[in-house]
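Undergrad: Please find one structure pasted underneath; my questions will follow.
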Amino acid sequence: MAKGIQAIRGMHDVLPERSPLWQFLERHVAAVLAAYGYREIRMPILEMTELFRRSIGEVTDIVEKEMYTFDDRNGDSLTLRPEGTAGCVRAAMEHGLLHNQVQRLWYRGPMFRHERPQKGRYRQFHQIGVETFGMPGPDIDAELILMTARIWQVMGLPDLELQLNSLGTPQERAAYRDELVAYLDAHHDQLDEDSRRRLHSNPLRILDSKNPQMRDLLQAAPSLMSRLGEGSKGHLDRVRAILDKAGVVYVMNPRLVRGLDYYSLTVFEWVSDRLGAQGTVCAGGRYDGLVEQLGGRSIPAVGFAMGLERLVALLEESSPEAGAAAIDVYLVLLGDAAAQEGLILAEELRTARPDLRILSNCGGGGTKAQFKRADRSGARYALVMGDDELAHGTVALKALRSDEPQLKVGRDQLGELLQARFAN
Ligand code: HAM
């Protein structure tokens, strides 16, 4: 488009060529989640801004500078959701889903963050997320991880690396935070600008820095792992024991701190080395304090979300044909009478064979033009109907991808004929 209106920077259309990959992904993930007994919940895309401030944390990148926030016509401050956990907790509390019961929930949909767009990082992106409530033990943490491992296996996505860490309890983290700040303060001259800014607002995030000049400094920093109490250590050990027994390989990453404030104990990320800088395809962890922080009772919770754009990019590489479904039969309809009757024939075929993908030629066109369209559609067969066939109640069947000889059959035999051609 020369000077037309274009999509907003960082927000992308999914074109029909790529939508089969999205459908393949969504279908397989939904099937695995259902098989584990998870139930879908659908939340609004807009929430009160306050919800995200109070859950994600005031001094996180997301809340400080990435939210799409605006006042609506009533003067309420609303925000396009930057993630799904906060809204899911809000919905579960609002509808009494957390009273003396466990919940295993999942959701999907677009999320919005005003980040600097680059490969794998967008301003509108899509997640499938899972949140569970009411289960305090390491068993559910492990179940979530096993479930994600199964999702990758089902979709043929090998070589993702699982990274694991524990952020301990809020008390352990607070004590560690003081220690870390003291250490970093003592090396203030070696901190980059970003880290100096974070030193007193969100020092744990400095551990996540990708700046190679700070690598040695961070390597020598005190480790949260060694400050964990018996309870936190025991929790992590039991998650690890289950993963070990199930044969799920992981690496411990003591610098995995996550960008949202609500986590405690187990955190994990699945990372690919085939996506450049934005390699994390799925991330999550435990957030036992969040429900209480939002005004509810103290309810243990753990969840994760996967980034669909990044997974689609991996699928495109590993199985570009995944989910793509060509047309089975193209109806070539020659002349006005056939153009009308063809739609009736197509309906008869759809009733007889609901599994076939049938495309009727609409909009007229000569023989050559229609066969060209038939060919482009990827159809295996063309069914040709013109005045002559109409008059005799027949249809011609022409193979488009093989040398099978053309056949002329009575309309009433067509179902049987297609049955043989499309046996499975
Ligand atoms: P998150 O790490 O912010 O966590 O996002 C989860 C995943 O969403 C990332 O690993 C990535 O694959 C994808 N993602 C995030 N931002 C972008 C972006 N700008 N462009 C493309 N993909 C992106 C959460 O959102 C938490 N709510 C996860 C969670 C659920 N924790 C507990 N429950």
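The values are calculated or read from the model by the stated rules, or taken from the named source; none is laboratory data. Just so we're clear, the structure is a prediction, and the values are computed from it rather than from any experiment. With ideal geometry, Cβ positions are generated from the backbone for all residues, glycine too; neighbour counts draw on all protein chains shown. For accessibility, only protein heavy atoms count, side chains too; no ligands or nucleic acids. Shrake-Rupley method; radii C 1.70, N 1.55, O 1.52, S 1.80 Å.
Undergrad: Report yes if Gly234 is part of a loop (DSSP other than H, G, I, E, B) and surrounded by fewer than 16 Cβ atoms within 10 Å (Cβ to Cβ), otherwise no.
TA: Working: part of a loop (DSSP other than H, G, I, E, B): no; surrounded by fewer than 16 Cβ atoms within 10 Å (Cβ to Cβ): yes.
It is false that Gly234 is part of a loop (DSSP other than H, G, I, E, B) and surrounded by fewer than 16 Cβ atoms within 10 Å (Cβ to Cβ).
Undergrad: Would you call Leu105 surrounded by 18 or more Cβ atoms within 10 Å (Cβ to Cβ), part of a loop (DSSP other than H, G, I, E, B) and either within 20 Å of the chain's Cα centre (by Cα) or not acidic (Asp, Glu) (or both)? So that I can check it myself, show each step before the final result.
TA: Values: surrounded by 18 or more Cβ atoms within 10 Å (Cβ to Cβ): yes; part of a loop (DSSP other than H, G, I, E, B): no; either within 20 Å of the chain's Cα centre (by Cα) or not acidic (Asp, Glu) (or both): yes.
No; evaluated as a whole, the condition is false for this residue.
Undergrad: Looking at (1) within 14 Å of the ligand (Cβ to nearest atom); (2) in a loop (DSSP other than H, G, I, E, B); (3) under 25 Å from Ser298 (Cα atoms); (4) in contact with a strand residue (DSSP E or B) (Cβ under 6 Å, 6 or more places away or on another chain), which is the one condition that is false for Met135?
TA: (4)
Undergrad: Ok, one more. For region 294-307, enumerate the residues that are within 9 Å of the ligand (Cβ to nearest atom) and either surrounded by fewer than 24 Cβ atoms within 10 Å (Cβ to Cβ) or within 14 Å of the chain's Cα centre (by Cα) (or both). Don't jump to the end; show me each part of the working.
TA: Looking only at region 294-307, we keep the residues that are within 9 Å of the ligand (Cβ to nearest atom), and these are 301-307.
Passing the criteria: Gly303, Phe304, Ala305, Met306, Gly307.
Undergrad: Which members of region 1-29 meet the condition of being part of a helix (DSSP H, G or I) and free of Cβ contacts under 8 Å to residues at least 60 places away in the same chain? Quick ask: steps written out before the conclusion?
TA: From region 1-29, those part of a helix (DSSP H, G or I) are 19-29; that's our starting set.
Ser19, the sole residue that qualifies.
Undergrad: So which residues in region 116-132 are of a type in the set (D, E, K, R) and within 6 Å of the ligand (Cβ to nearest atom), if there are any at all? Quick ask: steps written out before the conclusion?
TA: Within region 116-132, the first condition is being of a type in the set (D, E, K, R), and the residues that meet it are 116, 119, 121, 123, 131.
Within region 116-132, Arg121, Glu131 qualify.
Undergrad: Could you check how many residues of region 259-293 are within 27 Å of Ala174 (Cα to Cα), open to solvent by 30 Å² or more (accessible area, probe 1.4 Å) and either part of a loop (DSSP other than H, G, I, E, B) or more than 7 Å from the ligand (Cβ to nearest atom) (or both)?
TA: 5
Undergrad: Another one. It is to be established whether one or more residues within region 68-85 are closer than 18 Å to Gly37 by Cα and more than 11 Å from the ligand (Cβ to nearest atom). Steps first, answer last, please.
TA: Initially, region 68-85 is screened for residues closer than 18 Å to Gly37 by Cα, giving none.
Within region 68-85, none of the residues are closer than 18 Å to Gly37 by Cα and more than 11 Å from the ligand (Cβ to nearest atom).
Undergrad: Also: Return yes when Arg310 is open to solvent by 30 Å² or more (accessible area, probe 1.4 Å), within 16 Å of the ligand (Cβ to nearest atom), at pLDDT below 95 and not in a strand (DSSP E or B) and no when it is not. Give the derivation first.
TA: Values: open to solvent by 30 Å² or more (accessible area, probe 1.4 Å): yes; within 16 Å of the ligand (Cβ to nearest atom): yes; at pLDDT below 95: no; not in a strand (DSSP E or B): yes.
No: the conditions fail for Arg310.
Undergrad: I'd like to verify a number: residues in region 392-413 that are open to solvent by 80 Å² or more (accessible area, probe 1.4 Å) and over 37 Å from the mean Cα position of the chain (by Cα), how many? Talk me through it step by step, then tell me what you get.
TA: Taking region 392-413 first, the residues open to solvent by 80 Å² or more (accessible area, probe 1.4 Å) are 392, 401, 403, 405-406, 408, 412-413.
From the residues that got through so far, the ones that are over 37 Å from the mean Cα position of the chain (by Cα) too are 392, 403, 405-406, 408, 412-413.
Residues flagged as open to solvent by 80 Å² or more (accessible area, probe 1.4 Å) and over 37 Å from the mean Cα position of the chain (by Cα) within region 392-413 amount to 7.
Undergrad: Still on this model: Give the residue, chosen from Arg39, Arg53, Arg73, that is closer than 20 Å to Ala305 by Cα and surrounded by fewer than 17 Cβ atoms within 10 Å (Cβ to Cβ). Please lay out each step first, then the result.
TA: On the way: Arg53 fails: surrounded by fewer than 17 Cβ atoms within 10 Å (Cβ to Cβ); Arg73 fails: closer than 20 Å to Ala305 by Cα.
One residue alone meets the criteria, Arg39.
Undergrad: Go through region 180-230 and give me each residue that's of a type in the set (A, V, I, L, M), under 19 Å from Asn165 (Cα atoms) and in a helix (DSSP H, G or I).
TA: Leu180, Leu204, Ile206, Leu207, Leu218, Leu224, Met225
Undergrad: Out of (1) modelled with pLDDT of 95 or more; (2) more than 16 Å from the ligand (Cβ to nearest atom); (3) of a type in the set (Lys, Arg), the odd one out for Arg350 is which?
TA: (1)
Undergrad: List pairs: first in region 170-188 and free of Cβ contacts under 8 Å to residues at least 12 places away in the same chain, second open to solvent by 60 Å² or more (accessible area, probe 1.4 Å), Cβ under 9 Å, 6+ apart or cross-chain?
TA: Filtered contacts from region 170-188: His188/Arg196.
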